[in-house]
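Visitor: Here it is, the structure, as structure tokens.
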Amino acid sequence: MSAFASRFIAAPHAPFDLSQWATRADDLFESKSAARQACKTDAKAVADLAHRLYGEAQRSLLIVLQGMDTSGKDGTTSAIFARTPPLNLVVSAFKSPTKAELAQDYLWRIHKACPARGQIGIFNRSHYEDVLVVKVRKFAPASAIENRYEQINDFERLLSQNGTRVLKFMLHISHETQGERLADRLVVPNKRWKFNPGDLDDRKLWPDFMKAYETMVARTSSEHAPWHVIPSDSRATRGAIITRIVRETLEQMDPQYPDPGYRPDGFDIG
């Protein structure tokens, strides 16, 4: 783990107080333009590393983006992979489960969407909805939700022990910033399609959601899949931080193109 990434990691299996984590990190970059430039530089490196991972086809990377509405899950995905061809990228957005999905265990649809070897999977929302909105809205018994924390830890351990690196990011925004972004969706014509009146219902339950996030991080930040808590009030800073961590993770993985043994003197190209 790099010194940069460690700044944002919630200690595994430890109490977690969200009020102690800032929603801004203006000291990291000299300006928004500097953050955007750093993001572009790292995104270019991510593109090369992603292609090497695809060529190697032995391991995979799963990126989990979890946050309140308007925290920037779509924008973050665009920032990280702005320079990466979609060849081995798979984005999965988890909404309310279908009738068929509800007939299975809650991790069934998640496991099906996990990246294959050589792929990078991006979860726009994730299995953590089942200990967040399901908990706050009381869609499942408290006893069932209590069991899910350790089940999720076991699930992510299974992935990590079988070649999938798991990177988890909580996009941490303030109540004030969310309000501004929701209002912006109503004002800007090409953003109105993203406005959902139901988001206002969740906003009224903000304290309950924050408590659910605290429990989620405390119970599921692990050695094999720790939570990164990312200050997300600034879109530019958020994108730069996460893109840097993804780049450093892929560099640590160090994927290599395979050598099939072919050489020019072994073939008559004609």
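The values are calculated or read from the model by the stated rules, or taken from the named source; none is laboratory data. On a predicted model such as this, the values are computed, not experimentally measured, just so you know. Here the Cβ is made from the backbone with ideal geometry for all residues, glycine too, and neighbour counts use every protein chain on show.
Visitor: When only residues in the stretch 219-270 that are among the small types (Gly, Ala, Ser) and free of Cβ contacts under 8 Å to residues at least 12 places away in the same chain count, which is nearest to His172 (Cα to Cα)?
Guide: Applying the filter and picking the extreme gives Gly261.
Visitor: Suppose we filter the stretch 87-118 for residues that are assigned to a helix (DSSP H, G or I) and loosely packed, with under 15 Cβ neighbours inside 10 Å; how many remain?
Guide: Total meeting the criteria: 7.
Visitor: What pairs can you find where one residue is in the stretch 54-80 and among the acidic types (Asp, Glu), the other is assigned to a loop (DSSP other than H, G, I, E, B), and their Cβ atoms are less than 7 Å apart, with a gap of 6+ or different chains?
Guide: As it stands, the answer is Glu56/Gly118; Glu56/Pro255; Glu56/Gln256; Glu56/Tyr257; Glu56/Pro258, since those pairs meet every condition given.
Visitor: I'd like the residue in the stretch 181-197 that is of a type outside the set (Lys, Arg) and surrounded by 13 or more Cβ atoms within 10 Å (Cβ to Cβ) and, out of all such residues, is modelled with the highest pLDDT.
Guide: Pass one, the stretch 181-197, residues of a type outside the set (Lys, Arg): 182-184, 186-190, 193, 195-197.
Within this subset, residues satisfying the condition of being surrounded by 13 or more Cβ atoms within 10 Å (Cβ to Cβ) are 182, 184, 195.
Values: Leu182: 93, Asp184: 90, Phe195: 86.
Top of the filtered list is Leu182.
Visitor: Okay, moving on. Hey, can you tell me all the residues within the stretch 198-225 that are surrounded by fewer than 21 Cβ atoms within 10 Å (Cβ to Cβ) and either within 17 Å of Asp42 (Cβ to Cβ) or not charged (D, E, K, R) (or both)?
Guide: Gly198, Leu200, Leu205, Trp206, Pro207, Phe209, Met210, Ala212, Thr215, Ala218, Ser222, His224
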